[in-house]
């Protein structure tokens, strides 16, 4: 970066952070591309994870572009990483089935991408030749690694990004640009000797610190598994979880609080998700599920998958009609 343009880019970077915060993002940070030694270690870890087959049948995790950010935006020089706090201080009804917190509100992909695109359009107006791309976790990007590189938090032993103030209840987004914006320092890992998350997983999905095996993960099987019946080991350990799982986050000391409850309208829970009754939900038609899950990230689950998961959580087995 030349001395002549540095002050201007510093100003753009600072205003970009401020505008991101005004849109509800916190924490916010910037990473320089191609990243430092930490990112290289995370890339090597991803390669080992893939070689061990921990991705199950999520073939998209092996996309070469995930390890080469420049393929997403040729000439990319910096990454704005943002976190959206999705912790809402309410609990599900006693005895109800459980849905992971990230799915309680509106589809976060739409929420985050829309706000990032606002930032991108502003950035584009700062000068000619500015190019950008908005990414949420559906893009082939090492999102948690880049968030760590930008100083948002560190990747914990449960595979989640953890922030000192927010814990791990963060939805991530990234804005790639060809501007060489001043970067923040990468986060320092603070898990220390704590390993609460590892024995807490009822199916043993955290096979070792920082390694989550999707083949044993309740979240993977309830969301991604397209088989007619869940594996016996998952059925026996899933408890009330029918869409995702928050166990490894719930036991994390960094989530013990007090945590700020989000007041973002897009993240407030749908009441029925907090009081999901199995026998009642099994009677819902496909149209009922379609209506209840409008503009939800949980639309990834087909109605038959909900019924399969609910039957498994209730200890039932049978056709997924």
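Since every read-out is calculated from the coordinates, none of them should be taken as a lab result. Keep in mind that this is a model prediction, so the values were computed, not measured. Here the Cβ positions follow ideal geometry from the backbone for every residue, glycine too, while neighbour counts run over all protein chains shown.
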Checklist line | Cα-based convex hull, the range 11-158, per residue volume (Å³, whole number) | finding: 140
Item checked: Pair residue 138, residue 44: separation of 7 Å Cα→Cβ label points (nm) -> 3.5
Item checked: Cα gyration tensor category, rounded, prolate or oblate, for the range 220-289 with a/c compared to 1.5 -> oblate
Notebook entry, point to check: Between residue 14 and residue 196, what FRET efficiency follows from the Cβ-Cβ distance if R0 is 30 Å, with the result rounded to 0.05?
Noted result: 0.20
Note to self: With angles folded into 0 to 90 degrees, how steeply does helix 303-313 sit against the dominant principal axis of the chain? Use alpha carbons for both and round to 10.
What the structure shows: 70
Note to self: Could you tell me the ratio Rg/Rh of the range 139-298? Both radii from Cα atoms, Rh via Kirkwood.
What the structure shows: 0.99
Next item on the list: Using only Cα atoms, tell me the angle between helix 6-22 and the longest principal axis of the chain; keep it within 0 to 90° and round to the nearest 10.
Entry: 30
Check: In degrees, nearest 10, range 0 to 90: what is the angle between the Cα axis of helix 37-51 and the longest Cα principal axis of the chain?
Finding: 30
Margin query: Taking 0.36 nm per residue of sequence separation and subtracting the Cα-Cα distance, how much length would be gained by fully extending the chain between residue 89 and residue 131, in nm to one decimal?
Written below: 11.3 nm
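Could you give the length gained by full extension between residue 188 and residue 227, i.e. 0.36 nm per residue of separation minus their alpha carbon distance, to one decimal place?
Going from the current span to full extension adds 10.1 nm.
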Next item on the list: Once you have the Cα-Cα distance between residue 210 and residue 292, take 0.36 nm times their residue separation minus that, and quote the gain in nm to one decimal.
Entry: 26.0 nm
Check: Looking at the P(r) of the range 90-181, how many percent of alpha-carbon pairs lie beyond 20 Å?
Finding: 49
Check: So what's the back-of-envelope 222 nm ellipticity for the chain, counting only DSSP H runs of four-plus at -39500 (n - 2.57) apiece and dividing by all residues, rounded to 500?
Finding: -8500 deg cm²/dmol
Item checked: Cα-Cα P(r), the chain, percent of pairs per 20 Å interval -> 31, 57, 12, 0
